[in-house]
Amino acid sequence: MNFSNEVKTALLFIFGIALFLIGFSYLKSNDVFVSDRVFYGIYDNTEGLVNGTPVTINGYTVGAVESSELLQPSGKIRVTFRVENDFPFSKNSVAQIYESGLIGGKALALVPAFDNAPLAVHRDTLQTSVAPGLTDLVNEKLSPLQEKIESMIVHADSVLIAFSNVLDTQRQEALRQSIDQFNETTAALATLTTSLDSNLNSSDGTLNKTFASLERASANVVSITDSLQQAPLGATIRSLQQTSNDLALMTSKMSAGEGSLGKLIHSDSLINALNKTSNQAQLLLEDLRLNPKRYVHFSLFGKKNRTYEEPNKSE
């Protein structure tokens, strides 16, 4: 069967137009040979969402964004997107715009709802939302911190002003002198530290000599302790205990009036006898003074002895 040139040209033109439409749909991420469903979502702000952006369900690509349209007079934006997958979801599902990455721009995610509501069908308008991006999250976290920093700066400025008002010229000079004295104290402490370090590290240092003396004293104490440990302390203590018991018994007997010492302590007979003896000795001495010849005969001629008269004690 032969076709005329006009028919061939017409067929070639139709084939070119079909090929152009298929290519154009492919560039728009539309699969011409796959039946898909179209849905709508109305947003206050699409955050720069562009045509051809993939539509995902749990990260799995199921379609793409076809177009965006500015509605009059509300100023809202209607986004048309298609879902090539026959995955069922209800009308309460949400078409959410989210940030795909730091430099990846915005993407559209279909958050399916599995409830008892009717299933979404072709050309339904779904609920919409915009997930906060990284910038929004950072601003949300930084805003309270910024307010706290500003408040802290204001308080610090108030403290500095009050500090400047308190520190007049005289107090500033006193503070400077205190700092100078603190520097001198620090230098003195450094010198003391150096001296202590030299005393500790030097074998001829005073502290080392002191430690050596303490070590010798400790060794002597250990030696004395060993000697005392080897000494018969048990027998000595037992002997002292026996002596103490004997002294206690002796004291008890003396207190009870037993024995010579007990009788001497408790009886007045010995004292009375001693007093009587002392009186008699005094009388004998007095008689010897008055009548010496009675006891010593020195005369050649005898003489009559005088009778002894007891002296008057009142004279």
- request: Of the conditions (1) under 30 Å from VAL111 (Cα atoms); (2) modelled with pLDDT under 75, ALA131 clears all except one; give me its number.
  value: (2)
query: Name the pairs whose Cβ atoms lie under 9 Å apart, with the first residue in segment 60-74 and more than 22 Å from SER100 (Cβ to Cβ), the second among the polar types (S, T, N, Q), and 6 or more positions between them or separate chains?
result: GLU69/THR80
- prompt: Which one of PHE81, PHE114 is more than 15 Å from VAL130 (Cα to Cα), surrounded by fewer than 19 Cβ atoms within 10 Å (Cβ to Cβ), touching a Ser or Thr at 6+ places or on another chain (Cβ under 9 Å) and not charged (D, E, K, R)?
  reply: PHE114
message: Here is a list: PHE20, PHE15, PHE24, PHE87. Which entry is of a type outside the set (Asp, Glu) and either modelled with pLDDT of 90 or more or in a loop (DSSP other than H, G, I, E, B) (or both)?
response: PHE87
task: Could you tell me which residue of segment 85-110 is farthest from VAL50 (Cα to Cα), considering only residues that are β-branched (Val, Ile, Thr) and either surrounded by fewer than 18 Cβ atoms within 10 Å (Cβ to Cβ) or out of contact with any Ser or Thr (no Cβ under 7 Å at 6 or more places or on another chain) (or both)?
output: VAL94
query: What number of residues in segment 54-78 are under 23 Å from PRO112 (Cα atoms) and assigned to a loop (DSSP other than H, G, I, E, B)?
result: 2
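The values are calculated or read from the model by the stated rules, or taken from the named source; none is laboratory data. Predicted, not measured: the structure shown is a model, and the values here were computed from it. Note: ideal-geometry Cβ built from the backbone for every residue, glycine included; neighbour counts use all protein chains shown.
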